[in-house]
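Chemist: Got a structure here, written out as structure tokens. Questions coming.
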Amino acid sequence: MPPPSPLPPTPLIASDAHLAHAGLVELYAGREIPCFESPERATVIRDALLATGDYRLEAPEDHGPDAIAAVHELELIDLVEGVWADAIADGHDPARPLLPDTFLLREYAARMWLDQLPVGRHQRLGAYCFDTATPIVAGTAAAARAAVDIGLTALDRVLEGERLAYGLCRPPGHHAGRNLIGGYCFYNNAAIVAESLLSRGAERVAILDVDFHHGNGTQQIFWDRGEVLYVSLHGDPGAIYPYYSGYATERGAGDGEGATLNLPLPPGTDGDGYVGALEEGLAAIAAFEADAPLVLSLGFDTYHADPICNLSLVTDDYARIGASIASLGFSVVALQEGGYAVDALGANAVAFLGGLRDGLAG
Ligand code: Q9C
Ligand code: ZN
């Protein structure tokens, strides 16, 4: 191992609360399979970063419920916080994760008032969830709250003067919308951090999303708001999750028109192709002239061996991508999203954050 670099250690904000968001299964092609979004993901990333000597581990501080309520509707928060208890009270097996068994589709929603929804939160889960990949267990709500606190604590460190802070959020956040959970996400950590920046006086905040998937939740939250630029690189949704959003034609609306930039990438895109598209995204961010740190939704599911994705990045590409993002000159609040090739997550995190860290220091 090379000697640690002389730069001061970068804050790595992490918590063990996520360990209880475990025993998860998802439904895929008619089968129940172990959920790709596992606790080991966060453990291997944390251990690999600490082994470099370049990071200092810090627990999140409790930021209370207000920052979550600034982004998510109260009924969604109420659902996340209470759905497990309602299911258990109604006889749900505590050893089994909870998944919706119906979804509130347009046809029904059009003639249904929200106050007609069933009282049991487990019975209305399908009104607030858009897929079968977002299992809930007893520890889910506390883990989701801790992930938000991780993001907000990382933000605090950057506002105190760090060029980079990394929040090891789990569960991830970018698929969660104002009133929807999905894609392994409950509270939208990155959106909450961006909204917190606005509440602290920023006028223009940019979010860059380099997770493999389109951050449909983040896009929805800021769709009609010009003060937040959302730029996302992702696998072409014509072929892959989340299917219904992330097309280049989606550019925002109203005050937010032009403040959403989607850069879908063809299957098999390699490092050179990725960096080419990234340059377009970075140019848009530079032109936006944010007056706040960059909020980065960071996923490693762009990796060639990711089990549910279709891009072709290799570990060395992450160092280039990190360096490229650093060249923007913004301080960065980096928040973990996806990445499911567990054996490679540590090396990819070290490469990416190392490139970013060195670039921001130089
Ligand atoms: N058979 C994030 O990366 N569906 N979420 C996968 C696999 C859900 C990904 C289907 C993918 C969600 C944060
Ligand atoms: Zn993803």
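The values are calculated or read from the model by the stated rules, or taken from the named source; none is laboratory data. Values in this document were obtained by computation on a predicted structure and should not be read as measured data. As a convention, Cβ positions derive from the backbone with ideal geometry for all residues, glycine included, and neighbour counts pool all protein chains shown. We work out accessible area using only protein heavy atoms, side chains counted, and drop any ligands, DNA or RNA first. Shrake-Rupley method; radii C 1.70, N 1.55, O 1.52, S 1.80 Å.
Chemist: Within the stretch 81-99, identify whether any single residue is without any contact (Cβ under 8 Å) to a residue 24 or more places away in the chain and among the aromatic types (F, W, Y), and answer yes or no.
Modeler: Scanning the stretch 81-99 turns up no residue that is without any contact (Cβ under 8 Å) to a residue 24 or more places away in the chain and among the aromatic types (F, W, Y).
Chemist: Return the total of residues in the stretch 163-185 being in a loop (DSSP other than H, G, I, E, B) and in contact with a strand residue (DSSP E or B) (Cβ under 9 Å, 6 or more places away or on another chain). Quick ask: steps written out before the conclusion?
Modeler: Residues of the stretch 163-185 in a loop (DSSP other than H, G, I, E, B): 163, 168-176, 178-179, 183-184.
Filter again for in contact with a strand residue (DSSP E or B) (Cβ under 9 Å, 6 or more places away or on another chain), leaving 163, 168-176, 184.
Summing the residues that are in a loop (DSSP other than H, G, I, E, B) and in contact with a strand residue (DSSP E or B) (Cβ under 9 Å, 6 or more places away or on another chain) in the stretch 163-185 gives 11.
Chemist: Quickly run through the stretch 280-324 and pick out the residues that are of a type in the set (A, V, I, L, M, F, W, C), open to solvent by less than 30 Å² (accessible area, probe 1.4 Å) and closer than 23 Å to P171 by Cα.
Modeler: Residues satisfying the conditions are L294, V295, L296, L298, F300, C309, L311.
Chemist: Let me ask something else. Quick check on my filter: what residues within the stretch 143-185 are within 20 Å of L353 (Cβ to Cβ), among the hydrophobic types (A, V, I, L, M, F, W, C) and within 16 Å of ligand 1 (Cβ to nearest atom)?
Modeler: A147, I150, L168, C169
Chemist: Output the number of residues of the stretch 295-312 satisfying the condition of being assigned to a loop (DSSP other than H, G, I, E, B) and of a type in the set (S, T, Y).
Modeler: So in the stretch 295-312, the residues assigned to a loop (DSSP other than H, G, I, E, B) come out as 299-302, 304-312.
With of a type in the set (S, T, Y) added as a condition, the list becomes 302, 312.
The number of residues fulfilling the criteria is 2.
Chemist: Next question. Report whether or not T269 is more than 15 Å from ligand 1 (Cβ to nearest atom), among the hydroxyl-bearing types (S, T, Y) and open to solvent by less than 10 Å² (accessible area, probe 1.4 Å). Before you say what the answer is, go through the steps one by one.
Modeler: On the way: more than 15 Å from ligand 1 (Cβ to nearest atom): yes; among the hydroxyl-bearing types (S, T, Y): yes; open to solvent by less than 10 Å² (accessible area, probe 1.4 Å): no.
Against the criterion (more than 15 Å from ligand 1 (Cβ to nearest atom), among the hydroxyl-bearing types (S, T, Y) and open to solvent by less than 10 Å² (accessible area, probe 1.4 Å)), T269 does not qualify.
Chemist: So which pairs qualify, if the first residue must be in the stretch 199-217 and among the polar types (S, T, N, Q), the second must be part of a loop (DSSP other than H, G, I, E, B), the Cβ gap must be under 8 Å, and the two must be at least 6 apart or on different chains?
Modeler: As it stands, the answer is S199/A70; N216/H174; N216/H175; N216/G183; N216/P242; N216/Y244; N216/S245; N216/G246, since those pairs meet every condition given.
Chemist: Ok, one more. Out of the residues in the stretch 325-345 that are open to solvent by less than 20 Å² (accessible area, probe 1.4 Å) and of a type in the set (G, A, S), state the one that is nearest to ligand 1 (Cβ to nearest atom).
Modeler: G338
Chemist: Let me ask something else. How many residues does the stretch 262-276 contain that are over 22 Å from Q220 (Cα atoms) and in contact with a Leu (Cβ under 8 Å, 6 or more places away or on another chain)?
Modeler: Number of matching residues: 7.
Chemist: Going by what's in this entry, would A277 be described as farther than 19 Å from G151 by Cβ, open to solvent by 50 Å² or more (accessible area, probe 1.4 Å) and among the hydrophobic types (A, V, I, L, M, F, W, C)?
Modeler: On the way: farther than 19 Å from G151 by Cβ: yes; open to solvent by 50 Å² or more (accessible area, probe 1.4 Å): no; among the hydrophobic types (A, V, I, L, M, F, W, C): yes.
In short, no.
Chemist: Next up: Would you check which residues across the stretch 113-140 are open to solvent by 20 Å² or more (accessible area, probe 1.4 Å) and closer than 17 Å to E26 by Cα and list them?
Modeler: H122, F130, T132, A138
Chemist: Can you give me the number of residues within the stretch 186-231 that are closer than 28 Å to N310 by Cβ, assigned to a helix (DSSP H, G or I) and open to solvent by 10 Å² or more (accessible area, probe 1.4 Å)?
Modeler: Count: 3.
Chemist: For the stretch 308-329, which residues satisfy the criterion of being touching a residue at least 40 places away in the same chain (Cβ under 8 Å) and within 16 Å of ligand 2 (Cβ to nearest atom)?
Modeler: Pass one, the stretch 308-329, residues touching a residue at least 40 places away in the same chain (Cβ under 8 Å): 308-314, 316-317, 320-321, 324-325, 327-328.
Selection gives I308, C309, N310, L311, S312, L313, I321.
Chemist: When the residues of the stretch 313-351 are filtered to those that are aromatic (F, W, Y) and assigned to a loop (DSSP other than H, G, I, E, B), which remaining residue is farthest from H214 (Cα to Cα)? Steps first, answer last, please.
Modeler: Within the stretch 313-351, the first condition is being aromatic (F, W, Y), and the residues that meet it are 318, 330, 340.
In the following step, the residues that additionally are assigned to a loop (DSSP other than H, G, I, E, B) were identified as 330, 340.
Values: F330: 23, Y340: 16 Å.
Applying the filter and picking the extreme gives F330.
Chemist: Moving to a separate point now. Would you mind stating whether T153 is within 15 Å of C185 (Cα to Cα) and open to solvent by less than 70 Å² (accessible area, probe 1.4 Å)?
Modeler: Working: within 15 Å of C185 (Cα to Cα): no; open to solvent by less than 70 Å² (accessible area, probe 1.4 Å): yes.
Judged against the criteria, T153 is not a match.
Chemist: Within the stretch 276-299, how many residues turn out to be over 19 Å from Q336 (Cβ atoms) and touching a helix residue (DSSP H, G or I) at 6+ places or on another chain (Cβ under 6 Å)?
Modeler: Final tally of qualifying residues: 1.
Chemist: Follow-up. Of the residues that sit in the stretch 1-52 and are part of a strand (DSSP E or B) and open to solvent by 60 Å² or more (accessible area, probe 1.4 Å), which one is nearest to ligand 2 (Cβ to nearest atom)?
Modeler: Here is the first cut: in the stretch 1-52, the residues part of a strand (DSSP E or B) are 10-13, 25-28, 31-34.
Adding the requirement that they be open to solvent by 60 Å² or more (accessible area, probe 1.4 Å) leaves 27-28, 31-32, 34.
Values: L27: 18, Y28: 15, R31: 21, E32: 21, P34: 17 Å.
Restricting to residues being part of a strand (DSSP E or B) and open to solvent by 60 Å² or more (accessible area, probe 1.4 Å), the top hit is Y28.
Chemist: Something else about it: Only one of these conditions is not met by A110: (1) surrounded by fewer than 17 Cβ atoms within 10 Å (Cβ to Cβ); (2) touching a residue at least 60 places away in the same chain (Cβ under 8 Å). Which number is it?
Modeler: It fails just one condition, (2).
Chemist: Quick check on the stretch 88-99. Is at least one of its residues more than 16 Å from ligand 2 (Cβ to nearest atom), open to solvent by less than 20 Å² (accessible area, probe 1.4 Å) and within 12 Å of I181 (Cβ to Cβ)?
Modeler: Scanning the stretch 88-99 turns up at least one residue that is more than 16 Å from ligand 2 (Cβ to nearest atom), open to solvent by less than 20 Å² (accessible area, probe 1.4 Å) and within 12 Å of I181 (Cβ to Cβ).
Chemist: A follow-up question, please. Please pick out the residue among P307, P264 that is in contact with a Gly (Cβ under 8 Å, 6 or more places away or on another chain) and within 16 Å of ligand 1 (Cβ to nearest atom).
Modeler: On the way: P307 fails: in contact with a Gly (Cβ under 8 Å, 6 or more places away or on another chain).
That would be P264, the only listed residue that is in contact with a Gly (Cβ under 8 Å, 6 or more places away or on another chain) and within 16 Å of ligand 1 (Cβ to nearest atom).
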